[in-house]
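Report on the structure given below.
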Amino acid sequence: MTIDARMTIADLLRQKPDAAKILQQFGMHCIGCAVAAGETLEGAARAHEVCLEELLAALNKAG
């Protein structure tokens, strides 16, 4: 599965629960918040001032 910027955090965590650890490493600690259900990785990266390319690389690299 390839993770892309349009994927929501909720979809990511449903398909790859271990991704929560990576999100937290990037300072995204509100994984269970209501916004996360519909927020895309792109939107979350922007909101948390995280480099989207680095985030996607880390998520896709993880087993």
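Values quoted throughout were computed directly from the atomic coordinates according to the rules given, and no laboratory measurement underlies them. Just so we're clear, the structure is a prediction, and the values are computed from it rather than from any experiment. Note: ideal-geometry Cβ built from the backbone for every residue, glycine included; neighbour counts use all protein chains shown.
Annotations for the structure displayed:
- Per-region count, the stretch 1-35, residues part of a helix (DSSP H, G or I) and in contact with a strand residue (DSSP E or B) (Cβ under 8 Å, 6 or more places away or on another chain): 1
- Taking every residue in the stretch 46-62 that is farther than 13 Å from residue 9 by Cα and pairing it with any residue that is loosely packed, with under 12 Cβ neighbours inside 10 Å, at least 6 positions away or on another chain, the pairs with Cβ-Cβ distances below 6 Å are 48/27.
- Number of the exception - residue 55 against (1) over 11 Å from the mean Cα position of the chain (by Cα); (2) in a helix (DSSP H, G or I); (3) of a type outside the set (Val, Ile, Thr): (1)
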